[in-house]
Amino acid sequence: VGLVSLVIVILISAYQRISLGIAWHGFSRLRLYPRTFLIWLGLLFITVVLLEVIQRERYFAFAAVLASVGFATSLVLFNVDAAIIRHNVYRAWHGRNLNIPHLASLSTDAIPALVDEFLSSDLPPFTREGVGAILSCYRYSELRPHMPEDDWRSFNLSKWQAHQALDKVRPYLAGYIMRYKNWPVRVRTPNG
């Protein structure tokens with residue numbers, strides 16, 4: 001019990017270090033996944049202590065499997081990319097840096113959250129232009145002038161929802177100019 005308690009102290013320290021990284025740099029998958037994992041690992045260690053106290057150590061394997069399934073399920077039920085968008089746009093709204101290339105590299109699960117943020121009337125103009133630039137990158141990648149068109153076998157719900165969300169903002173993105181002749185691709189916003 002003492003050993004597990006000391007490991008829980010180390011887990012709390014690791015959780016605080018990840019939280020400091022999130023506070024400084026914002027959400028990313030490499031910060032969000034370990035944070036979620038540490039929560040489930042902490043719950044597993046608390047369960048180990050409880051099993052030791054009530055002398056039911058033989059249920060440890062079941063608790064470990066349950067914690068593993070809980071971790072995997074929480075990542076499936078929790079839209080990680082949408083959470084990254086919401087948190088990082090909120091940070092930018094409060095004066096922090098908006099990492100546009102990182103947010104433009106997320107999956108299509110992020111597009112509905114980006115559209116919601118772009119259409120929000122509370123968003124400052126500078127942050128709105130950054131979100132618009134990200135949406136322009138997604139619109140460009142959706143058009144994919146350099147790749148053949150997908151057929152029906154590549155359909156998935158995330159792409160469909162992203163396409164529907166992008167349809168809401170296409171008229172607003174007309175002022176964003178894609179510059180893709182040179183690498184990396186750049187976006188010029190309406191205000192430069």
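The values are calculated or read from the model by the stated rules, or taken from the named source; none is laboratory data. Please read all numbers here as calculations on a predicted model, not as lab measurements. All Cβ positions, glycine included, derive from the backbone under ideal geometry; neighbour counts span all protein chains shown. For the accessible areas, the whole protein counts, side chains as well, though only heavy atoms, and no ligand, DNA or RNA atoms are used. Shrake-Rupley method; radii C 1.70, N 1.55, O 1.52, S 1.80 Å.
Quickly estimate the mean residue ellipticity at 222 nm for the chain, helices only: each DSSP H run with n ≥ 4 gives -39500 (n - 2.57), and the total goes over all residues, rounded to 500. Show your work: numbers first, answer last.
On the way: 8 runs with 127 residues, N = 192.
The per-residue figure over the chain is -22000 deg cm²/dmol.
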message = Highest mean first, how do 168-177, 83-92, 131-140, 115-124 rank when packing is the count of other Cβ atoms within 10 Å averaged over residues?
response = 131-140, 83-92, 115-124, 168-177
query = By how many degrees, between 0 and 90 and to the nearest 10, does the Cα long axis of helix 80-93 differ from the longest principal axis of the chain?
reply = 70 degrees
note = Per DSSP, the loop-located chymotrypsin sites (Phe, Trp or Tyr not before Pro) within the stretch 1-79 having at most 15 other beta carbons within 10 Å are Phe78
request  = For the stretch 36-192, give the percent of accessible area contributed by carbon and sulfur heavy atoms, probe 1.4 Å, rounded to a whole number.
outcome  = 62 percent
ask   = Once the Cα gyration tensor of the stretch 1-133 is diagonalised, what are the square roots of 5 times its eigenvalues, in whole Å and ordered largest first, as equivalent ellipsoid semi-axes?
value = 38, 16, 10
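Once you have the Cα-Cα distance between Asp167 and Leu43, take 0.36 nm times their residue separation minus that, and quote the gain in nm to one decimal. All intermediate terms of the calculation are to be shown ahead of the outcome.
Values: separation 124, 0.36 × 124 = 44.64 nm, distance 4.27 nm.
Full-extension gain reported as 40.4 nm.
Please work out the average accessible area per residue across the chain, using the 1.4 Å probe convention, and give it in Å².
Numbers: 12510 Å² over 192 residues.
Using a 1.4 Å probe on heavy atoms only, each residue of the chain averages 65 Å².
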key: ³J(HN,Hα), Karplus 6.51/-1.76/1.60, whole Hz, each residue of the stretch 104-120, x for Gly, Pro   = 6, 8, 6, 6, 5, 4, 7, 5, x, 5, 5, 5, 4, 5, 5, 7, 5
query = Tell me, what HN-Hα J-couplings in whole Hz come from the Karplus equation 6.51 cos²θ - 1.76 cosθ + 1.60 at θ = phi - 60° for each residue of the stretch 22-39, using x for Gly and Pro?
reply = 5, 5, 7, 9, x, 6, 8, 4, 6, 9, 7, 4, x, 4, 5, 4, 4, 5
ask   = When the chain is modelled as a GNM with alpha-carbon springs shorter than 10 Å, which of Ser154, Ser105, Ser28 fluctuates the most?
value = Ser154
